[in-house]
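The values are calculated or read from the model by the stated rules, or taken from the named source; none is laboratory data. The model shown is predicted, which means the values in this text are computed figures rather than measured ones. Virtual Cβ from ideal backbone geometry, glycine too; neighbours counted across all protein chains shown. All accessible areas refer to the heavy atoms of the entire protein, side chains included, with ligands and DNA or RNA removed. Shrake-Rupley method; radii C 1.70, N 1.55, O 1.52, S 1.80 Å.
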Amino acid sequence: MTQYDDVAAAARMVALAMTRGKSPARSGQYAQLVRRFDAEPDFAQLVRKVAQGFDLTAQEAHPQAGLILATTPETDFAVSVADLVPQTEHRPLYLLAHLAIASRAFPRPEDLDDDEHVARISVHKVDEDVRAYAAVLERRAAAADGAMLGTCGSARGGVPRGMRRAYLPG
């Protein structure tokens, strides 16, 4: 294999990592590149340099997940919250969903000693968690509004003029 073939293979690995739905389990070529990344330090360095050319950082290669890429502040490939959730009023709901998933997926202290523990996540449980978190936020917002009313002296009730609650979409 020539150095140009190595560059092409490294670029292909980065391209596969950036392609939605691609994984080493679904692509023999990708699986071979992951094994090569792990076995050949020079090839791994070449992959990192190709990623760097796109303002990305190659974190590691995993047999199931493939090449793990991270964005840098300069890259055009970064995805922002605004890209994922264009409606500003829906962003808190997405945040609550991420919080619910993380709280179910990450191990609790008692799970750290159990080598066989696998976190199980279901849509139903995440939905329950999101609703519970939203209820807590609504209670806190109502309490804060009441405290604001007491200090602002609004006789009309409700949220004082100029203040707005947008915790969850209506």
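Computed quantities for the displayed model
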| quantity | calculated |
| --- | --- |
| Quotient of Cα Rg and 2.2 N^0.38 Å for region 32-122, N being how many residues it contains | 1.46 |
| Theoretical FRET efficiency, 1/(1+(r/R0)^6), r = Cβ-Cβ of Arg26 and Ala142, R0 45 Å, to 0.05 | 0.35 |
| Accessible-area ranking of Asp129, Asp5, largest first, probe 1.4 Å | Asp5, Asp129 |
| Cα-derived Rg to Rh of the chain, Kirkwood definition | 1.16 |
| Accessible area of the chain divided out per residue, in Å², using a probe of 1.4 angstrom | 71 |
| For a label point 7 Å along the Cα-to-beta-carbon line of Asp83, residues of region 49-64 with backbone N under 18 Å | 51-59 |
| Sequence-separation-based contact order of region 1-132, relative, with Cα cut under 8 Å and 6+ spacing, percent | 16 |
| Additional length obtainable on full extension of the chain from Glu116 to His90, 0.36 nm per residue less Cα span | 5.7 nm |
| Rounded FRET efficiency, nearest 0.05, which uses the C-beta distance separating Thr75 from Leu99 and R0 of 22 Å | 0.25 |
| Cβ-placed point charges (K, R +1; D, E -1), dipole of region 1-130 about Cα centre in debye, nearest 20 | 520 |
